[in-house]
1. Working carefully through the options Lys136, Lys73, Lys146, Lys86, find the one that is modelled with pLDDT of 85 or more, in a helix (DSSP H, G or I) and more than 24 Å from Ser45 (Cα to Cα).
2. Any residue in the range 427-441 that is closer than 26 Å to Thr94 by Cα and more than 24 Å from the chain's Cα centre (by Cα)?
3. Regarding Leu258, is this residue buried (at least 16 other Cβ atoms within 10 Å of the Cβ) and over 30 Å from Arg400 (Cβ atoms)?
4. Which residue pairs have Cβ atoms closer than 6 Å, lie 6 or more positions apart in sequence or on different chains, and pair a first residue in the range 49-72 that is surrounded by 14 or more Cβ atoms within 10 Å (Cβ to Cβ) with a second residue that is of a type in the set (Ser, Thr, Tyr)?
5. Would you check if Gln412 is exposed (fewer than 15 other Cβ atoms within 10 Å of the Cβ) and either in a helix (DSSP H, G or I) or of a type in the set (A, V, I, L, M, F, W, C) (or both)?
6. Gln113: at negative phi, within 17 Å of the chain's Cα centre (by Cα), surrounded by 13 or more Cβ atoms within 10 Å (Cβ to Cβ) and part of a helix (DSSP H, G or I), yes or no?
7. When you look at Gly188, is it under 26 Å from the mean Cα position of the chain (by Cα), at pLDDT below 90 and not aliphatic (A, V, I, L, M), yes or no?
8. For the range 116-166, give me the residue count where each residue is at positive phi and either without any contact (Cβ under 8 Å) to a residue 12 or more places away in the chain or under 19 Å from the mean Cα position of the chain (by Cα) (or both).
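The values are calculated or read from the model by the stated rules, or taken from the named source; none is laboratory data. From a predicted model like this one, the values you see are computed outputs, not experimental measurements. Ideal geometry is used to build each Cβ from the backbone, glycine not excepted, and the neighbour counts take in all protein chains shown.
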Amino acid sequence: MYRTAAIALIYCTTLIAALPACAAAPVQASPTVIDPQQQVAVIDSVVAVVNDDVITRMELDDRLRMVVHQLQKQGTPLPAPEVLEKQILERMITDMLQAQFAKENGVRVDDTQLDLAITRIAQQNNFPSVAEFRAKLEADGVDFKKFREEIRSEIISTRLREREVESKLVISDTEVDSYLANKKNMGGAEEEFYLAHILVVIPEQASAEKIQAARDKAEQALSQLKAGADFAQVAAGYSDAKDALKGGDLGWRPSDRLPPLFTGELQKLQPGQTTAVLRSPNGFHILKLVERRSGSAPVVITQTHARHILIKTSEIVSENEAKNRLMKIMRRIEGGADFAEQARRFSQDGSAQQGGDLDWLSPGQTVPEFEETMNKLQPGTIGMVQTQFGWHLIQVLERRNTDVSEQQQRQQARMAIGTFKSDEQYQDWLRQLRDRAFIEYRLEENQ
C-alpha cells in the first residue's frame, strides 16, 4: 500500500510571442494562442519522498555543491558523481527523518541556543566575533543561513542521540570489572590509534540478500583501496558513517575506547595499512591505521568542589528574564543570603535539594562553558554563565589535587564501554527510524 504525499512542483511561466510578418497590405493580426503545455517549464523536481516531506532536485544539488567544495578544500579526490549523489541523498533522508522525529517529540533548538553554539564555534576557530567568522565562511562560498541550519540539525541530532540512546545506556559494575580484568590480562602499554573508517550499515532485520549486498559493497570498497584508491575518496563514496564526508577521519582513539574486534586487528597493522572487512552487529567495517602512539593518561587531577543555581530558558522564560532573575538572586547572596537556601528555593536543577551542591567535579564532567567559568573562580567567589541549559550562578567552595588512579581507571572503562555501546545502539535506532518510515526514491526518474 503506497502513501500519497502532497508535492508542490515549482514552475515558471514562459511567454512566447510570435508576430506574423506580411508583405501585403497590413492586416490585423489575430491573437497568438499559447499552448498551456508551453507556458510552464519545470525548474525543480522531487528526488525522494520521506513520509509527508520531500527532497527536491534543487536541495540535493545545493548539498552536492557544498560537499564537493568541502572535499576539494580538504584535497580529497572526488568519488564518481553518481556514487556521491546517492551517498548525499541517503544522508539527507536520514537527516530529514531525525528532524521529523524531533518535531513530533518536541525536541527543538531555538535561535538563542543556536546563536550561542555558533559563537562558541567562532571562538574555537580563533575568530573574535561571529561577524568575522561569517565573513570568512561567505568568502569561502558558504551560505551562512544554510550553515546555521546545518548547525541546528547537528545539535538536534546530538540531543536525539542523548535522549533516545545515551540516556538509556546501562553499564553495570560487573561489565566494568570484566573490562578491566580483560585489559589486565592483555597486558602491554596503553596505546592510542589515529584512525580512518568506512562503515557499511546492515539494515534492521535484514534478509540474507541484504546482508550479502552490504558485504559486497564493503568488499568493493576494499578492492578499490587495494588498487590504490585514496581512502578518503572511497569513504566519501561508500561509507554510511556520519564522518564519511570527512574522509572517514576518526582522529585519535585510545585503545580502551575501541571494541576488541578493532584493537585485535589494529595490533597487526603498520601505519598506512588497512584491515580486511570486519563484521560487527551494526555492519561491515574497514579501518585504516594512520598513526599510533603510546598513551599516558594522567592519574593526578585538579578537582573542584562547586555548587550552582540554574534558571532555565524556555518559550515562556526568555534569555533576558532568566538572566535578570539570576542577577537578583546573586545580589541577595552578595548581601548575605545563604547560597544553599537560595538554591533550594529557586534552582531548576536536580541538585536543588542538596543546596545546589555538585560535589567534587573532575575535568570534563560539565559542559565547556560551565567548566571554563568555574575554573576562573577562586574558592569562595561566585560567577554567572550561560550554557545550553540556561543561566547558572556558580560558587566554588574548594579545590584539590587528587590521585584518582582507581576511580580514573573505572571511569575510563565505563566511558569506553559506553562509547561503543552508544555507537552500536545509535546505528540500531537510525535503522529502526528508517524501517518505520515511508521512503520512495525518485532519483532515477529525474536523471
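1. Lys136
2. Within the range 427-441 (the criterion being closer than 26 Å to Thr94 by Cα and more than 24 Å from the chain's Cα centre (by Cα)), the answer is yes, since at least one residue qualifies.
3. Here the answer is yes, as Leu258 does meet what is asked.
4. Arg57/Ser45
5. When the stated conditions are applied, Gln412 does not pass them.
6. Yes, satisfied.
7. No; evaluated as a whole, the condition is false for this residue.
8. So the count comes out to 1.
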